[in-house]
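Notes for the one structure printed next.
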Amino acid sequence: MIEMIENLIYSFIFVIVALVLAFKEKLGIEKEILFVSILALIQLFILGYVLTYIFSLGMAFAYLLMLIMIFVASHIVNKEVKLPNKKRLFFCLFLTYLTTAIVSLLILIFSNIVPYEPRYVIPLMGMVIGNSMNTVHLTLNKIIDIVKSNRDELWGYLSLGATEFQALKPFIKNAINSAIIPQMNRTKSVGIIFIPGAMTGMLLSGADPIYAAEIQIVIMWMILSGAVISGLLICYLMYKELVKL
């Protein structure tokens, strides 16, 4: 415990450096830097203690935690995305994240890539849900902007006899392509420009580098797949609402 406190004190130097530079350059974000740093400290310690407890309770509680993650992710995006039918949007978001998580979990389970235990399943599903949340948010924001900017083109497709989904499909393609660019860039540059977090954590804990690379590959592919699934699914579920914009 004492060693951990000492490590945290020394690592706080990173925050101090950021604070000093922000103050010197008069960026006006010193309070925000300090606040988010302390908030991260509190949240991660709470998470650590919660996970320690949950890991001992079995998979039923792991599933409960995943449902809470999905609910929170749905609430966050539902609050931020400017669509009128909030109830339908929340339901579609929840269904999108749930489906993406189930597909990813089934692949992991039946392939025996990782042990079917809470300490493996919870972090991996957290990655899937978190990255899917970002992709869905970007996708919805992008397609809303495109539809509003190209309303005449959309109605032109409809007047020529296209269904609502057919008329919206070019916009869906554009939105998803833009939304998955960050994940595509991370996937392309992994191992060359940076070592991702999961692999870094495993290496720091003494894991074999080849095994760490194997797990990281699985994670990157899983997240990329989840991004595509969630981006497409939310558009399929919400296309009637998007056409009305």
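N112 meets the conditions (1) touching a Cys at 6+ places or on another chain (Cβ under 9 Å); (2) modelled with pLDDT under 85; (3) not aliphatic (A, V, I, L, M) in every case but one. The failed one is (1). The single condition among (1) in contact with an Asp or Glu (Cβ under 9 Å, 6 or more places away or on another chain); (2) open to solvent by 40 Å² or more (accessible area, probe 1.4 Å); (3) at pLDDT below 90 that N141 does not meet is (3). Take the residues in segment 208-245 that are touching a Lys or Arg at 6+ places or on another chain (Cβ under 9 Å) and without any contact (Cβ under 8 Å) to a residue 60 or more places away in the chain, then tell me which one is most open to solvent (accessible area, probe 1.4 Å). Residue satisfying both the conditions and the ranking: L224.
Quick check on my filter: what residues within segment 69-91 are open to solvent by 90 Å² or more (accessible area, probe 1.4 Å) and assigned to a helix (DSSP H, G or I)?
Across segment 69-91, the qualifying residues are F71, H75, K79, E80, K87, F91.
Taking the conditions (1) small (G, A, S); (2) closer than 30 Å to F171 by Cβ; (3) open to solvent by less than 40 Å² (accessible area, probe 1.4 Å) in turn, G126 satisfies each one other than (2).
Counting only helices (runs of 4 or more DSSP H) that sit completely within segment 104-219, those holding 1 or more residues that are among the polar types (S, T, N, Q) and over 22 Å from the mean Cα position of the chain (by Cα) correspond to 118-149, 151-159, 164-179. Only one of the numbered conditions (1) farther than 30 Å from I144 by Cα; (2) outside any helix (DSSP H, G or I); (3) in contact (Cβ under 8 Å) with a residue 24 or more places away in the chain is not met by L51, and that is (2). Cβ-Cβ contacts under 6 Å between residues 6 or more apart (or on different chains), taken from a first residue in segment 14-41 that is open to solvent by 80 Å² or more (accessible area, probe 1.4 Å) to a second residue that is assigned to a helix (DSSP H, G or I), are listed as F23/E30.
The values are calculated or read from the model by the stated rules, or taken from the named source; none is laboratory data. Keep in mind the model is a prediction, meaning the values are calculated, not measured. We place every Cβ from the backbone using ideal geometry, glycine too, and count neighbours over all the protein chains shown. Side chains included, ligands, DNA and RNA excluded: accessible areas come from the protein's heavy atoms. Shrake-Rupley method; radii C 1.70, N 1.55, O 1.52, S 1.80 Å.
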